[in-house]
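Have a look at the structure that comes next, please.
Only the coordinates and a few stated rules stand behind these numbers; no lab work does. Note that the structure is predicted; figures quoted are calculated from it, not measured. Here the Cβ positions follow ideal geometry from the backbone for every residue, glycine too, while neighbour counts run over all protein chains shown.
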Amino acid sequence: MNSTFLFRYSYWEAALHLLTVAVLSFFWLIGCTDNACGEPSSRPHPYAILQKRLIRDGFDRSLIRSLYSRPEVTFDQQGLTAYFSHREATLNYDQFSTQSSIDQANDYLRQHQKALRQAQSVYGVEEGVIAAIILVESRLGTLIGKRLVLNTLSSLAALDDKDTRDMLWHTHVKHKAPGSRSQFDTWARRKSTWAYGELKAFLQYVDAQKVDPYSVHGSYAGALGIAQFVPSSVLRFAQDGNRDGQINLCNHEDAIESIANYLKQHGWRAGLKRREAFRILLFYNRSKYYAETILKVAERLGKLRPR
């Protein structure tokens with residue numbers, strides 16, 4: 001370095017350079033985990049244990065590390081708290097039987113008539129039942145959820161770790177949700193087991209369909225798309241309704257055929273008696289209020305005759 005350069009490199013420029021280096025170093029240090037950067041961190045990644053578990057179960061190490069390194073990936077404390085607070089009995093299912101909702105569903109029947117009739121012909125599921133499910137699940141595809149499914153399922157799965165449960169309880173749930181600590185722990189352990197299986201199914205789905213995992217949004221329960229399938233149901237029952245070579249439940253034709261296939265695989269057939277239809281709908285959602293609402297809407301649409 002020559003003397004001219006030294007002369008031009010002022011005191012303030014040197015100070016600014018040092019400050020920049022210090023700031024970058026700070027953010028690098030707090031962002032590192034013991035596995036990602038090779039040095040222990042006082043603030044481990046919330047998904048550090050989850051990542052190790054996925055890698056042990058056969059997922060590629062570099063892909064998992066890359067997946068969880070993105071800024072979009074966060075621990076969804078608010079979503080977890082809302083899910084724990086959820087009570088099916090408090091939902092207003094009557095809103096779907098109003099004249100306004102029925103009119104919207106009739107418009108949907110007309111708009112997607114070809115796909116609905118095709119599904120009824122192939123799977124034996126009445127088009128009104130499919131339209132009713134889509135009405136209740138996602139307001140005819142207009143409300144599919146805003147949370148990243150990757151975040152939702154990862155957050156739930158991470159509750160397998162006691163330290164993570166403790167943190168969530170003390171920072172959010174204790175002050176913002178009903179229920180005791182023992183109730184929360186029981187719920188968290190049960191949901192973490194379920195969510196880990198769903199997370200693996202989600203990763204298999206996005207890999208097989210070449211879908212950007214950061215583009216898939218859903219509910220705080222991890223259900224996605226117009227049909228609000230959980231990932232394991234996507235793998236087992238989802239269909240490529242528009243025959244474009246990809247299963248995408250944000251596409252109406254795919255969602256319509258997928259719902260029809262799901263119900264058929266659970267025993268639906270043409271001319272089903274009402275009590276049998278009710279029983280099968282409980283596979284889609286275990287709420288009796290839900291199943292009754294689907295049948296009521298389908299009957300009001302004139303597409304299902306009670307027997």
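Could you give the distance between the Cα centres of segment 226-251 and segment 148-198, to the whole Å?
First find each Cα centre; the distance between them is then 28 Å.
Between TYR289 and LYS52, what FRET efficiency follows from the Cβ-Cβ distance if R0 is 35 Å, with the result rounded to 0.05? All intermediate terms of the calculation are to be shown ahead of the outcome.
On the way: r = 41 Å, r/R0 = 1.17.
Result of the calculation: an efficiency of 0.30.
If r is the Cβ-Cβ distance from LEU235 to HIS170 and R0 is 30 Å, what FRET efficiency results, to the nearest 0.05? Please list the in-between numbers first.
Working: r = 36 Å, r/R0 = 1.20.
Efficiency for this residue pair is about 0.25.
I would also like to ask the following. Step by step: find N for segment 229-289, compute 2.2 N^0.38 Å, then divide the Cα radius of gyration by it. What's the final number? Don't skip to the end; give the middle numbers.
Numbers: Rg = 12.5 Å, N = 61, 2.2 N^0.38 = 10.5 Å.
Output field value: 1.19.
Once fully extended, how much extra length lies between ARG61 and GLN265, figured as 0.36 nm per residue of separation less the alpha-carbon to alpha-carbon distance? Could you put the intermediate results ahead of the total?
Details: separation 204, 0.36 × 204 = 73.44 nm, distance 3.57 nm.
Full-extension gain reported as 69.9 nm.
Please report, to one decimal in angstroms, the Kirkwood hydrodynamic radius of segment 72-160 built from all distinct Cα-Cα pairs. Write out the running numbers ahead of the final one.
Values: mean 1/r = 0.0644 Å⁻¹.
So the Kirkwood estimate lands at 15.5 Å.
Can you give the convex hull volume of the alpha carbon atoms of segment 77-300 per residue, in Å³?
121
In the structure shown, do any of LYS210/LYS288; LYS52/LYS288; LYS146/LYS176; LYS162/LYS200; LYS174/LYS210; LYS114/LYS273 have a Cα-Cα gap over 28 Å, and if so which? Walk me through the intermediate numbers first.
Working: LYS210/LYS288 37 Å; LYS52/LYS288 39 Å; LYS146/LYS176 21 Å; LYS162/LYS200 21 Å; LYS174/LYS210 40 Å; LYS114/LYS273 25 Å.
Cα-Cα > 28 Å for LYS210/LYS288; LYS52/LYS288; LYS174/LYS210; rest within.
Moving on to the next point. Under a crude label model (7 Å from the Cα following the beta-carbon direction), how far is TRP194 from ARG110 in nanometres?
Calculated label separation equals 3.9 nm.
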